[in-house]
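Notes to accompany the following structure.
The values are calculated or read from the model by the stated rules, or taken from the named source; none is laboratory data. Just so it is clear, the model here is predicted, and its values are computed rather than measured. Don't worry about glycine lacking a Cβ; one is built from the backbone with ideal geometry, like all the others, and counts go over all protein chains shown.
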Amino acid sequence: MTSEQRRPFVGGNWKMNGDRAQGTELARAVASEVGQLTDAVDVAVFPAFPYLSGVGGALADSGVMLGSQDVYHQPDGAFTGEVSVAMLADCGARAVLAGHSERRHVIGEDDRTVNKKAAATVAGGMISVLCVGESLGQREAGETDRVNERQTRLGLGGISPEDLQRVVIAYEPVWAIGTGKTATPEDAQDAHAKIRAVVADLYGEGPASAIRIIYGGSMKPANAEALMAMPDIDGGLIGGASLEAADFGTIVRAGAAVAR
Ligand code: PGA
C-alpha cells in the first residue's frame, strides 16, 4: 500500500482551551471550512471532556469526527474522576488520543498506562491515536529511534491485528510541540519510516503498510503540505493551528491535495 492509498487523518487537538461557546463556534466553523473534504480525509477534533456533547452537536451534520483527549481503560466502577470508552462513545466520540506528550511528561503517564488506554479504545470500536516521540534531550543524545521504537512497541502491546486497523500512530517530537519548531520533512519522514518498520516487525508488512502514521509538532498551513507529501506521513495532529478554523481548514486541504 502506498501513501496514496492510505486515507489521510488530520486531527485538531484543542487541549485545555476555550469555553463552551467558543468550542461550539469553532466546531461549526471547522465543519463549514472542511465541507466535503471529509470524503477524502478523516478529520477529527478533540475538545475537552465537558464540551464533547456540545461540540458533537455542532458537528452533527458534518463528516468531522468527534474525538476525546483522554480516556480510562476500565469499563466502569469506582474510578472517581475517570471516563470510560463507552461513556465517550455515548457522547458521540469516535476517536481518542493516547500517550500525548503532555499526558506523558506533564501528567506522568507511562508506557503501560498509555498501552491500556489505546487497547481499551480500539477494543471498544473507536480509533486510538497513539502518540510517540522523543524529547529534545533524547534527540540530542541520539536516542530518537530507540525512544520511538520503545513507545511504539509498548503502546501497541497486546493489540490484535484486527484492532490495529483502528490505530493511528502520531509521531510528535516533544521539542516541536507548541514551540514553533517543526521537524524538517526529511527528519520526520525518517522517523515515520522507522516507526512503520517497527509495526512491520510486530505485525508484518501488510498491516505496516496500511497503518496511518501522522505528524504532530507545530504543523501549520505553511509547512503542512511539505510534511504530508512525504511518503510515510499520512496526515497531522494539530495543536495551536487547530484553534483557527481557517488554518485548520488549510491543513485539511493540504491533506486532501496529497491524497490525490
Ligand atoms: P502544536 O501541538 O501543533 O501546537 O505543536 C501539537 C500537539 O500537541 O498535538
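Structural remarks
- For region 175-204, filtered to residues that are away from the ligand (no atom under 16 Å from the Cβ) and touching a Leu at 6+ places or on another chain (Cβ under 7 Å), the residue that is nearest to GLU140 (Cα to Cα) is LEU202.
- Inter-residue pairs, beta-carbon under 9 Å, first free of Cβ contacts under 8 Å to residues at least 40 places away in the same chain and in region 131-157, second surrounded by fewer than 14 Cβ atoms within 10 Å (Cβ to Cβ), 6+ apart: GLN138/ARG146; GLU143/GLY137
- Between GLY217, GLY155, the distinction of being crowded, with 16+ Cβ neighbours inside 10 Å and in contact with a Gly (Cβ under 7 Å, 6 or more places away or on another chain) belongs to GLY155 only.
- Failed item, numbered, when THR184 is tested on (1) more than 29 Å from VAL55 (Cβ to Cβ); (2) in contact (Cβ under 8 Å) with a residue 12 or more places away in the chain; (3) of a type outside the set (Asp, Glu); (4) surrounded by fewer than 19 Cβ atoms within 10 Å (Cβ to Cβ): (2)
- Criterion (surrounded by 22 or more Cβ atoms within 10 Å (Cβ to Cβ), more than 16 Å from the ligand (Cβ to nearest atom) and at pLDDT 95 or above) met by exactly one of THR144, THR113, THR121: THR121
- The single residue among ALA259, ALA254 that is over 25 Å from THR113 (Cβ atoms), modelled with pLDDT of 95 or more and more than 12 Å from the ligand (Cβ to nearest atom) turns out to be ALA254.
- Hey, VAL55 β-branched (Val, Ile, Thr) and either within 16 Å of the ligand (Cβ to nearest atom) or within 14 Å of the chain's Cα centre (by Cα) (or both) or not: no
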